[in-house]
1. How much length is gained if the chain between Leu115 and Asp94 is pulled fully straight, taking 0.36 nm per residue apart and subtracting their Cα-Cα distance, in nm to one decimal?
2. For a Förster distance of 22 Å, can you work out the FRET efficiency between the beta-carbons of Ala79 and Thr126, rounded to the nearest 0.05?
3. Going by average Cβ neighbours within 10 Å, how do the peptides 83-95, 174-186 rank, with the highest at the top?
Amino acid sequence: MPLRKKNQAMKTRTPSLMLPSAAPSSAQPQKQTSAMKKTLRAASATIGFILVCVLLNGCGLVSLQATQAALPDYNEGQALMRAGRPREAIAAFDRSLAINPKMGNRGRGDANLELGNYDAAIADYTKSVEMGGGNDYGRSWTYIYRAQAFYGKGDYGRAWADVDRARDGGLLIEKNAKLSAFLRKLERVSNRPG
């Protein structure tokens with residue numbers, strides 16, 4: 001079979017091997033695009049889950065099974081916080097932490113901070129930092145929340161120390177309206193410019 005006829009035969013039998021000059025039918029790219037989108041969505045979800053596990057587990061120090069088992073309680077705690085129910089959120093975070101000691105310290109700290117339980121919030125945020133999950137930017141948020149708990153206790157020196165740690169981690173406090181308001185309050189009570 002001459003080479004030209006052989007190439008034409010290949011084009012009709014195997015669309016994925018078509019030469020660039022060949023024009024595919026209009027239905028073919030849609031099928032491929034749809035299948036590719038489904039594959040990419042599944043891959044993205046898997047990669048996202050793996051990244052969450054790595055961030056929460058400090059590069060795999062806690063088993064994947066413990067993370068999966070703790071995730072429903074952790075998610076429930078987050079949902080309860082969004083719903084303005086911090087007391088119930090603490091119970092959900094407690095269940096999560098009983099399964100995986102790295103999942104829920106900061107969330108429980110947020111609930112305690114909202115309830116004015118400053119000592120408990122400071123302990124939770126400190127544990128979160130000690131466990132080492134996340135990156136510098138994520139820890140920066142933990143530091144700024146702990147600074148708010150120190151502020152609530154009237155310990156302005158430690159609040160400033162955590163503000164500085166948050167900035168060192170890349171948190172742009174001045175670009176966030178709530179954090180800027182907190183910083184202005186801290187400046188007023190401590191007579192220190194931020």
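Where a number appears in this text, it was derived from the coordinates with a stated rule and is not lab data. This one's a predicted model, so the numbers in the text were calculated from it and none came from an experiment. Don't worry about glycine lacking a Cβ; one is built from the backbone with ideal geometry, like all the others, and counts go over all protein chains shown.
1. Numbers: separation 21, 0.36 × 21 = 7.56 nm, distance 1.58 nm.
Fully extending the segment from Leu115 to Asp94 adds 6.0 nm.
2. Result of the calculation: an efficiency of 0.30.
3. Working: 83-95: 17.8, 174-186: 13.5.
Top to bottom by mean Cβ count within 10 Å: 83-95, 174-186.
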